[in-house]
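What follows is calculated from the coordinates using simple rules that are stated; it is not laboratory data. As the structure is a prediction and not an experimental result, all values here were calculated from the model. Positions of Cβ are generated from backbone atoms using ideal geometry, with glycine treated the same way; all protein chains shown enter the neighbour counts.
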Amino acid sequence: MMERTDRHFRVMMRQLTRHTLLYTEMVTATALHHGDRSKHLDFDEIEHPIALQVGGDDPQLMADAARMAEDWGYDEVDVNIGCPSDRVQKGRFGACLMRWPEDVARVVEAMRAATSLPVTVKHRIGVDELDAYEDMARFVRIVSESGADRFTVHARKAWLKGLSPKENRNVPPLRYPEVWRLQQEFPGLDVVINGGIKTLDQVEEHLEHVRGVMIGRGAWDTPWVFADADRRLFGAENPLDEPAQAVRGLLPYLERWMATDPGFKPHRVTRHWLNLFAGRPGTRRFKQILSQRSRVGVDPASLVEEALAGVEQVRAA
C-alpha cells in the first residue's frame, strides 16, 4: 500500500469508519533515523486508532523507531515482514526476513523493551521454497516467544525472484485454510488474515476462524465498503449514509491544507476520493472532475460541489 495509505487517505477513511484500525505506509527504520521524522510520522488526531508500520532488521534502529511511534502518539507499531520488492530485499527486510525468524525475534524483543505499545508482525504465508505450513508455524513460534502481540498473515507466499511486487499480490494462490489452522494451533495468539479480501461478508466469514481481518487494496479500490463496518463489526452506529457526505465532510480538511501552503496541490488530497463512488452511477464523472480540476489555486468548495453535481447529473439522466 505504498503511496496509498498516506495521512490524507487515512483521514478520508475515518469519515467512513471510526473504529477500524488504520496503518501507515511502511517506512524504514533507517529513514526515521536519518530523515525528516515529521514528514514520515505526523498524522491527524482523527486517525486514531492508528499503527505505524516499520521495515528493518537492525534491533537498535527498530527499537528507536518503536520509541518514536510512542512519542508521536501512535497506538501500536507493526514490523513489515511481507514486502517482496527488490529494494526491500537489498535492505534485508520485508519478506526475505522470513528466512531468519531468530533475527526477527531479536528485532521484536528490542522493540518490546523500548516501548509500551503493542508490537505486531505482518508476514507472508511463506517465501520461495520455505512455503510449507510447518515453515510458517516455526516462524510464528520463534517470533512469538519474543513477545509479538499479533501476527497478520498475507495468505499468499512471496517469490523473491521472478515476480514483481504486483504479481506477488496476485499470482501465488491464496491459502486461507492454513492461516485458519495457525489460529487453531496457536490459540494464545491473535492471528489476522490478509489477502484478496474485499467485502464485509468475506470479513465475517474469516472472523469465524481468526481474530481479525486486514483489507489492503480493497480499501483503495472500493473504500465505501467500510461505511458499514462500524455497525456490522463493532456494534456501533455508522457515521455516514452516502459517499457525498464523506466528500463534504472532507472539505474543511482540504481547505486547511490549501490555506497553509499557496502552492499546495489539491490532488494530493482528492486523489484518495476518486473511488468513493465505485460501483455507483456517476463515479466516472466524479473522477473526471476531480482529476481535471484539482489544480493549484482552485476554490475547494467549488471543486467539491462541481464534482458532486457531476454525480447527480449522471444519476438524473
key: Calculated from backbone phi, Karplus (6.51, -1.76, 1.60) coupling profile of region 148-159 in Hz, x at Gly/Pro   = 4, 7, 7, 10, 9, 10, 6, 7, 10, 6, 10, 9
request  = Provide GLU102, GLU185 in ascending order of the number of other Cβ atoms located within 10 Å of each residue's Cβ, fewest first.
outcome  = GLU102, GLU185
task = For a label point 7 Å from the Cα of GLU237 along Cα→C-beta, name the residues of region 21-56 whose backbone N is under 17 Å from it.
result = none
message = Let's test the formula: R0 of 22 Å, r as the Cβ-Cβ distance of ALA137 and GLU102. What FRET efficiency results, to the nearest 0.05?
response = 0.90
ask   = Taking every DSSP beta bridge that has both residues in the chain, what percent is antiparallel when rounded to the nearest 5?
value = 5 percent
task = For every helix of n ≥ 4 consecutive DSSP H residues, a contribution of -39,500 (n - 2.57) applies; sum these over the chain, divide by its total residues, and give [θ] at 222 nm rounded to the nearest 500 deg cm²/dmol.
result = -13500 deg cm²/dmol
note = Residue by residue through region 201-207, the couplings from Karplus 6.51 cos²θ - 1.76 cosθ + 1.60 with θ = phi - 60°, in Hz, x for Gly and Pro, are 4, 5, 4, 5, 5, 5, 5
note = Along region 110-119, Karplus-curve 3J(HN,Hα) (6.51, -1.76, 1.60; θ = phi - 60°) to the nearest Hz, with x for Gly and Pro, reads 5, 5, 4, 6, 9, 8, 8, 6, x, 10
query = lysines within cross-link reach of LYS161: Cα-Cα under 21 Å, excluding same-chain residues under 8 positions apart?
reply = LYS90, LYS122
Placed amide H near GLN53: partners under 5 Å, 5+ positions off or other chain = THR24, VAL27, ASP78
Degrees, to the nearest 10: 300-316 long Cα axis against longest axis of the chain = 80 degrees
query = What does the charge dipole of region 243-316 about its Cα centre add up to, to the nearest 20 debye, if the Cβ of each Lys and Arg holds +1 and the Cβ of each Asp and Glu holds -1?
reply = 340 debye
ask   = Amide H to amide H, which residues 5 or more places from ARG124 or on other chains are under 5 Å from it, using H placed in the peptide plane?
value = HIS154
ask   = Taking the Cα centre of the chain as the origin, how large is its charge dipole in debye, to the nearest 20, when only Lys and Arg (+1) and Asp and Glu (-1) carry charge on their Cβ atoms?
value = 1080 debye
ask   = Given H placed on each backbone N at 1.01 Å, which residues far from ARG211 in sequence or on other chains put an amide H within less than 5 Å of it?
value = VAL191
